[in-house]
Every structure is written in structure tokens, then in C-alpha cells.
Amino acid sequence: MQSDRKAVRENWGSRLGFVLAAAGSAIGLGNVWRFPYVLGENGGFAFLLVYLCCVVLIGLPIMGAEMVIGRGSRRNPFGAFKALLPGSAWWLVGAIGIVTGVIILSYYNVVAGWTLAYLFRSLTGLVSGFTGPDSAELAYESFVSDSAQVVIYLFLFAVLGILVVAQGVKGGIERWAKILMPTLFLLLLLLIGRSLTLEGSGDGLAFLFAPDFSKINGDVILMAMGQAFYSLSLGMGVMITYGSYLDNRTNIFSSAGTVAGLDALIAVLAGVAIFPAVFAMGMEPSSGFGLTYQVLPMVFAKLPLSDVLSSLFFLLLTIAALTSAISLLEVMVSFATDELHWTRARATIIMAAFAFVVGVPSALSFGVWSDVTVFGLGFFGVADYITANVLLPLGGIGIAVFAGWAWGRGVKQEILLGSNQETLYYVWLWSVRILAPIAVALILIFNFV
Ligand code: PFF
């Protein structure tokens, strides 16, 4: 029986569109600048095995839980818990998720704005101007501390997000995912082609993959879990929101599997695009801002067609950031349209403006507000730390426990719609009941002792 609620809600146009949009959310800055380095530093192939275990044993069950909560309620994360268990306090998990989303979007947009700036600057010959060893470092430092520029690019990137999300789920998010994700893949293949044909690229592959099982210890396992969580966009309701636009014929198990598989594949391929070139050019590997805005521009500077390569790379990174940012914005927009009954256009503009305003202190924390710190971290650092290390894992536990214990019988019927794989259901059920919450609780505890 279809309720009115189910009938009026917009749906994805196709399963492929949904999978690409969800993969677009998962594949983001985290895949490009963090995963490859963490892989190389922590045991290579040995770390990859640990990471994949975390994805399969913890990430996948929680992703399935989010999707089924979304589809079962056809609501935003806040409304979903209210609709599935009226009168309980579970809506708090959704509410915390939405707040987490606002914070992540606010600082994510800042770095996405830098990326956009580097794209424009590469197109206009930034990189070929790097001749001395410090030039990229100086260019980076003067850029991120230039408040006006950084805020302008933050604004421009927010506008890109608005343009996509305002067009709706099918006409905006899905349509753009279908264009942007294949483009991203193509760009990545191009960069891999360049990187692997450089003399000395084998050292980069050795850095990435050479197995070193002696590096695997408790800390490394926890790091792998945290990375899996962040990279799969879990714990704050992105997959609840995207799941809420699913029809009953979609197989949640295989969809979640495809999304997680694509995410891991792109993370590994990003490493293959980056580190062989870094090593071939005799640079030191690193991660984060240092890698993206300093080491890589210097690597490009040493190669023919440096500005072209740099433009392609920053285009790739802008695309990866955009499809993740729109998923965060959509969480807020679905809340405003469902609960506050705003129109999509209004919700998109107001929510994006809100995230922009919240993001300004993060943007300024590399410049005029660099002195404002808490525990040694600026606004940006605090926002990143609290969301990734506290709020996402907490949300993940809440989601797993809700799906596994609180929801009750309804969950079985809902998740088996479109799949009918009962054995898989029991495997999933016991993962969200026991394995995932305990493992995630361990991340939280070990982070603070
Ligand atoms: N998964 C994104 C990345 O790897 O860059 C980041 C992210 C997006 C995290 C959405 C959390 C989220 F809800």
C-alpha cells in the first residue's frame, strides 16, 4: 500500500542515478588527499586489507541501515526517526546528524573554495610560474591568509551547490552525478596515465602498496575505521536522505555494496594518480593541504604541460568536493522541505546561506582569525575534529542501534523489498546489532584515552 507521503515524494530516476549520487557523496576530498597517504604510511597492502575489512564489516552495515531508514520513512533524517518510532526520542539522532552536516558543510566548502581557486589559477598559468623550491608554499600561504579571496571563493562554491540542489533530486543531484562522476573517473584515468609513464614511478607504487604487516596495530585499525566512516559519508544522515528517494524495487544490499566499492576503488586510484608522480619528481610524500596545494603543484611544475595537468587535477578535486557538498546540503534541504514546508528553492538558498555564514570563521581561521584557537586548533580544526571524531561515530552508533534493536520487525520487511536475500539480512542484522556499534564505540573511546 502506498501512502500519500510515499506518492508525493520525489524519487530517483534510476538505480544507476542513485548509486552515482551516493558514490558522489562518498567520493570526496577524503579519497584524494587523505586515504592514499594513510595507505602508504601504514603498511600499504596490509593497511588496504584492514581498511576493506572495516568497510565491509562496519561501513556497509551502517550504510544499509541508513538507506533502509530513509526508504522506510521517506523522510529527512530528523523526520525519519519520528515517523518510524513516533513518541520516542530517536529523532535526536537525526537532529544531531543534521547539525553535524551543517558543520561539515561549512568547513568542507572552505577547502572546496580553495580548490576552485586553484582551478582558476591553474587555468591562468599559476603553476608554470613556480620555479623556485618555496614558490608553491609561499603561494599557498599568501592565498589562504587572504581573507577576501578565500571568502569570495567560498561564496562561489556555495553558489555551485545551490545551482545543483535547487534543480531537485532527479533534475539536479542525479543529473549532475551522472555527468560529473564519469568525468571524474576519466580525469583520474588521464592523471594515472601521466603518473605511471614517468620514469621512477615504481617507487610511488612501492610506497603505496608494499605490504608491511608489522605496521598494523590497534591505532592503525582505529584509523582505518575512522577513515572508512568519513569516506563513506556515514553517521549524519546523507544515506538516510538519499535512501528516502528510493523506490521499493531497489536492492539496498547491492546498492550499498556498489557505493562502498566505488569509493574504495577511487581512493586507491587517487593514490596511483598521485604518488608515482610525487616520487618520480623526487618530492616527499605528504597528505592534506601540504600535499594538495604545495607538493602537487610543484610536481606539476616540473612536468611539461604543467598548467594543463594542474587544471585537470583541480577540476577533479572540485568535482569530488561538489558531489559531496551537495549531499550535505540536500540533508538540510530535505529537512526544511519536509518539516518546515519550505519550497525547494527557498530551502536551498537559505540553508546554503546558513552554511556559508557558519563557514566564514573557518575560512578566516587561516588568516585574520588564526590567533583564535581552542586546544590549539582554529575554527576549521575544531569543526573538523569534532565532526569526524565525535559526532559522526556517535551518529553511526545511534543509526546502527536504531535499525538493529529499536525499529523492530518492520526493518526486515523493508530491507528485503527489492532484494529477498534473507541470509544476507541476518548477517546485516547482527552486524548492526553487535559488531558495528561496538567497533564504532571503540573508535570513540580510543580517541579520548
Ligand atoms: N565522504 C566525503 C569525503 O570522503 O570527502 C566527506 C563527507 C561527506 C563526510 C558527507 C561526511 C558526509 F556526511
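Structure notes:
- Of the residues making up region 366-402, those that are part of a helix (DSSP H, G or I) and not charged (D, E, K, R) number 23.
Here is a yes/no grid of residues against (1) within 16 Å of the ligand (Cβ to nearest atom); (2) among the β-branched types (Val, Ile, Thr); (3) surrounded by 19 or more Cβ atoms within 10 Å (Cβ to Cβ); (4) closer than 26 Å to residue 20 by Cβ:
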| residue | (1), (2), (3), (4) |
| --- | --- |
| 114 | yes, no, yes, yes |
| 120 | no, no, no, no |
| 127 | no, yes, yes, no |
| 133 | no, no, no, no |
| 138 | no, no, no, no |
| 169 | no, yes, yes, yes |
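- Boolean, residue 77 is closer than 30 Å to residue 378 by Cβ and either within 12 Å of the ligand (Cβ to nearest atom) or touching a residue at least 12 places away in the same chain (Cβ under 8 Å) (or both): yes
- Residue within region 223-238 that is in contact (Cβ under 8 Å) with a residue 60 or more places away in the chain, aliphatic (A, V, I, L, M), closer than 17 Å to residue 24 by Cβ and more than 9 Å from the ligand (Cβ to nearest atom) present: no
- The combined condition, being more than 20 Å from residue 408 (Cα to Cα), more than 16 Å from the ligand (Cβ to nearest atom) and either touching a residue at least 24 places away in the same chain (Cβ under 8 Å) or in contact with a Gly (Cβ under 6 Å, 6 or more places away or on another chain) (or both), is not fulfilled by residue 26.
- Complete set of residues in region 403-418 that are surrounded by fewer than 18 Cβ atoms within 10 Å (Cβ to Cβ) and either assigned to a helix (DSSP H, G or I) or of a type in the set (S, T, N, Q) (or both): 405, 406, 410, 412, 413, 416
- Exactly one residue out of 71, 9 is more than 20 Å from the chain's Cα centre (by Cα), surrounded by 24 or more Cβ atoms within 10 Å (Cβ to Cβ) and away from the ligand (no atom under 16 Å from the Cβ), and it is 71.
- Out of 363, 352, 347, sole residue that is away from the ligand (no atom under 14 Å from the Cβ) and either assigned to a loop (DSSP other than H, G, I, E, B) or over 26 Å from residue 76 (Cα atoms) (or both): 363
- Every condition in (1) part of a helix (DSSP H, G or I); (2) touching a helix residue (DSSP H, G or I) at 6+ places or on another chain (Cβ under 7 Å) is met by residue 308 except one, and the failing one is (2).
- Of the set (1) at pLDDT below 95; (2) over 23 Å from the mean Cα position of the chain (by Cα); (3) among the hydroxyl-bearing types (Ser, Thr, Tyr), all apply to residue 423 but (1).
- From 74, 9, residue being touching a helix residue (DSSP H, G or I) at 6+ places or on another chain (Cβ under 7 Å), charged (D, E, K, R) and within 29 Å of residue 424 (Cβ to Cβ): 74
- Extreme residue, nearest to the ligand (Cβ to nearest atom), among residues of region 239-263 that are within 23 Å of residue 438 (Cα to Cα) and among the small types (Gly, Ala, Ser): 260
- Close contacts from region 85-108, counting a first residue that is in a helix (DSSP H, G or I) and a second that is polar (S, T, N, Q) and away from the ligand (no atom under 14 Å from the Cβ), with Cβ to Cβ under 8 Å and a gap of 6+ residues or different chains, come to 106/362; 107/362.
- Only one entry of 105, 60, 39 meets the criterion of being more than 12 Å from the ligand (Cβ to nearest atom), over 19 Å from residue 255 (Cα atoms), surrounded by 19 or more Cβ atoms within 10 Å (Cβ to Cβ) and within 18 Å of the chain's Cα centre (by Cα), and that entry is 39.
- Candidate set: region 127-145, residues that are over 29 Å from the mean Cα position of the chain (by Cα) and part of a loop (DSSP other than H, G, I, E, B); chosen: the one modelled with the highest pLDDT: 130
- Within region 166-186, being hydrophobic (A, V, I, L, M, F, W, C) and in a helix (DSSP H, G or I) holds for 169, 173, 176, 177, 179, 180, 181, 184, 185, 186.
- Of all residues making up region 361-377, the number that are free of Cβ contacts under 8 Å to residues at least 24 places away in the same chain, farther than 25 Å from residue 446 by Cβ and not β-branched (Val, Ile, Thr): 4
- Residue check for residue 50: among the β-branched types (Val, Ile, Thr), more than 15 Å from the ligand (Cβ to nearest atom) and assigned to a helix (DSSP H, G or I): yes
- Selected residue [in a helix (DSSP H, G or I) and more than 24 Å from the chain's Cα centre (by Cα)] from 275, 314, 300: 300
- For residue 142: the one exception among (1) crowded, with 23+ Cβ neighbours inside 10 Å; (2) free of Cβ contacts under 8 Å to residues at least 12 places away in the same chain: (1)
- Tally of residues being surrounded by fewer than 16 Cβ atoms within 10 Å (Cβ to Cβ), closer than 30 Å to residue 393 by Cβ and touching a helix residue (DSSP H, G or I) at 6+ places or on another chain (Cβ under 9 Å) across region 186-223: 7
The values are calculated or read from the model by the stated rules, or taken from the named source; none is laboratory data. In this text the structure is predicted, and so the values were computed from the model without any measurement. Glycine also receives a Cβ, built like all others from the backbone with ideal geometry; neighbour counts cover every protein chain displayed.
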